[in-house]
Amino acid sequence: MSFASFVRVPKRDQQGNVIIDPNTGRPVEGLGVNPIKPHVRSYWLADPNNATLVLAASAGLNQAGAPQQLNFLIDSQGHFDWASIVGVSTGVFLLEFFDPGTNRLLQNAPIHSSCIVGVGARQFRLPEPYFFNVGDSQRQLKCTLRDLSGASNTVRLNLIGRRIYHKEAPPDIALDLQRIFGMGSRTYSYFLLPKTTKNDGTVTPVSANGTASFEFESDASADTEIQKLMVASTGAFSFTLRERDTNRLLMPNAVHSQNGFGNAEFPFFWADTYLIERQKQVIMDVTDLSGEENYIYPVMAGRRLQEIP
Amino acid sequence: MKIPYANPDLWKRPKATPGAYRDFTTHDYIPGQAIPTWIKDPETGIVVVNELKRYVKPFQLSTETITLAANEVSDWVPMTVDGKGHFEIFDAFFTSQRTEGFTVELFDPGNLGSERPMLMNREVHVATIASGNGTTLPLTGALPVTSSPGRPFRWPQAFFLNVADGGGTIMARFRNLSSSSNIIRFVLSGRRWYHLQAPWPIANRMEEIFREHARTFPYFFTTDAFVSLSALGTASPIIRFGDDAYVEWAKGMSFSTGLYTARIVETTTKKRLMEQPVRSDLCFGTGELPMLNWEAMLFEPNYQLTFELTDLSNGANTVWITLGCRKIKLDPREIELIRPGTSPGRE
């Protein structure tokens, strides 16, 4: 949420004592500008050297091209709270994020662009903002991209969030901001993909009218709370989701892909977030409905809770 | 505090509704939301019918069909509501026979002299403050005009049109942007507060709610001058926020005849909102699907933004940018920044 622009605080006299309203016995309140607010601005982050990136064509559609990298540099002017992803491209591509500052991958496999790259009108919101504490130096987010379209692919990718310019704030405000944001976070946004997704992000297609099982696993290092579902596929399919250890189904009958998955612009939200505890698996059993070979790229977006021993 | 106008005779009604006694708000009014139908009496905990609800109704205020000649500017068109109750405006819609659309200027003559007459600094493109143009998204595809009512443009702040004191009229002026004649309509949508028909305790409560909003209202800022980019050309228009109020920028919208890039810079501090120019569809939305700033940005009076624009279409490019904002008028005694250890009122 945005910081409140205006806040109510007790009024004080010249000695700093709270002024009490004699009629109510309560402190007299005044309305003022939130002192933090002028030091917080929306911010669009791009690779400073690559406003656009041309990805070399892959060998064909649904095959991964050579990896190329965007380096999103967060200078030392202030913290960056990353909230959403937007981009345009001439074809589909795969992308994965790595935060070298925390040595953290934000997904377990490369993600199809149609699942997490929105536009200004419909940004893809991260399940929770990802905070970059710049401290005394700059931070970086590395993004590896691979073409998936089989043609030369021009990509523009921007990350949207807010900058917190704590360093230019008056000392007392800067201290307040550091206190609020300096503690670091134990939860962070994460994208969960099937374990069968290959390291380059490509998938084995489901045969025409055939079936397949995808396994999503919350690994041993963190619990994962799933918030929304997206998919890119070359055809329609039906699916069920079940928990491996309890065999509990999240739907008694197969659901059509259009009724259970969205895309980056309009993701599908569950009625409640879904917790996959560490080392638990969710099996997605799919059946192709298109009658043709079907490349299916499902993504679950959520956040991870990292246990600190 | 007991709600003064709750009618005990109505308290039995929720007994017929399962779950009516749990999870109900004690608020009879929540800004920006539908009036709660049933509320919990904070004193007794009993769920009662919210009496406000009986006197608040959905309402739409539309122009007649207006036919504008090629590039014609209309006279000021009064959009008048009767004097039975205040009108709280949430959304705007339009229809335009021509895809070029038209521009809009709005003001509230009833508030002339009370420092909140205009709703924009200059004429804005209708497709940046209202829904009705349809839209196309890269993944989802075309969202047709027929479904536009399902994507209302919600103003950054509801506008209370006061029907007392001779008010009750929004004046609108339109300019046809097409070189052919254009049949248009413009609609404001919201709810009426029928305070004059309500019993006095309810009417008083309505007036109280209205007064709470007296210092904030929606405002649309567009570039201080028209922007027309030559093929691959550049321009640096500015938007200056007035000296009369604080401004909170919540939504960004644009309508243009081609793609362009923008880099937004705070003119005085040189602080950039993006280091690299960003393509227009990645930093602005439309009236139907606006770009929502995750952090609503607060600007002090007289702040100025510079928009460094570059055409990408390789053709003449007319650019309309609108920032959906709300203005907040502060009491001069309250505008001192509150810092740790200090507060308004402390020297």
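Just a few scattered comments:
- Looking only at residues of region B:248-274 that are more than 10 Å from chain A (Cβ to nearest Cβ), in a strand (DSSP E or B) and not charged (D, E, K, R), we find that the one that is farthest from A:Gly161 (Cα to Cα) is B:Ser256.
- Qualifying residue in region B:306-326 (condition: assigned to a strand (DSSP E or B) and modelled with pLDDT under 95): yes
- Yes/no for A:Arg278 being free of Cβ contacts under 8 Å to residues at least 40 places away in the same chain and surrounded by fewer than 20 Cβ atoms within 10 Å (Cβ to Cβ): no
- Scanning region B:49-90 for residues that are aliphatic (A, V, I, L, M), surrounded by fewer than 18 Cβ atoms within 10 Å (Cβ to Cβ) and either at positive phi or in a loop (DSSP other than H, G, I, E, B) (or both) turns up B:Ala69, B:Ala70.
- Pair list, Cβ < 8 Å and 6+ apart or interchain, from region B:275-287 residues that are within 7 Å of chain A (Cβ to nearest Cβ) and touching a residue at least 24 places away in the same chain (Cβ under 8 Å) to residues that are in a helix (DSSP H, G or I) and surrounded by 24 or more Cβ atoms within 10 Å (Cβ to Cβ): B:Thr286/B:Ala127; B:Thr286/B:Thr128
A quick yes/no check of all residues on (1) in the same structural domain as A:Phe268 (by TED's automatic domain parsing); (2) more than 30 Å from A:Glu292 (Cα to Cα):
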residue: A:Asp176; (1), (2): no, yes
residue: A:Lys195; (1), (2): yes, no
residue: A:Asn199; (1), (2): yes, no
residue: A:Thr202; (1), (2): yes, no
residue: A:Glu215; (1), (2): yes, no
residue: A:Ser221; (1), (2): yes, yes
residue: A:Gln227; (1), (2): yes, yes
residue: A:Ala232; (1), (2): yes, no
residue: A:Thr240; (1), (2): yes, no
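- Tally, over region A:217-254, of residues that are more than 18 Å from A:Thr196 (Cβ to Cβ), within 25 Å of the chain's Cα centre (by Cα) and not in a strand (DSSP E or B): 3
- Here the condition is being farther than 20 Å from A:Asp285 by Cα, surrounded by fewer than 22 Cβ atoms within 10 Å (Cβ to Cβ) and touching a strand residue (DSSP E or B) at 6+ places or on another chain (Cβ under 6 Å); of A:Arg186, A:Arg179, A:Arg162, it holds for A:Arg186 alone.
- Looking across region A:105-115, the residues that are farther than 15 Å from A:Gly302 by Cα and not in a loop (DSSP other than H, G, I, E, B) come down to A:His112, A:Ser113, A:Ser114.
- Residue within region A:74-82 that is at the interface with chain B (Cβ under 7 Å from one of its Cβ atoms), in a strand (DSSP E or B) and either in contact with a Phe, Trp or Tyr (Cβ under 9 Å, 6 or more places away or on another chain) or of a type in the set (A, V, I, L, M, F, W, C) (or both) present: no
- Hits in region A:4-60 - residues which are within 24 Å of the chain's Cα centre (by Cα), at the interface with another protein chain (Cβ under 7 Å from one of its Cβ atoms) and either part of a loop (DSSP other than H, G, I, E, B) or exposed (fewer than 13 other Cβ atoms within 10 Å of the Cβ) (or both): A:Ala46, A:Pro48, A:Ala51
- Restricting region B:233-265 to residues that are among the charged types (D, E, K, R) and either touching a strand residue (DSSP E or B) at 6+ places or on another chain (Cβ under 6 Å) or not assigned by TED's automatic domain parsing to the domain that holds B:Asp281 (or both), the residue that is surrounded by the fewest Cβ atoms within 10 Å (Cβ to Cβ): B:Arg240
- Note on region A:83-97: among residues that are within 11 Å of chain B (Cβ to nearest Cβ) and assigned to a strand (DSSP E or B), the one that is farthest from the chain's Cα centre (by Cα) is A:Ser89.
- Selected residue (only one of A:Leu249, A:Leu193, A:Leu241, A:Leu229 is of a type in the set (A, V, I, L, M) and surrounded by fewer than 16 Cβ atoms within 10 Å (Cβ to Cβ)): A:Leu249
- Conditions (1) within 18 Å of A:Pro48 (Cβ to Cβ); (2) facing chain B (nearest Cβ under 10 Å); (3) outside any strand (DSSP E or B); (4) among the polar types (S, T, N, Q); number of the one not met by A:Asn158: (3)
The values are calculated or read from the model by the stated rules, or taken from the named source; none is laboratory data. None of the values given here were measured: they were computed from a predicted structure. Don't worry about glycine lacking a Cβ; one is built from the backbone with ideal geometry, like all the others, and counts go over all protein chains shown.
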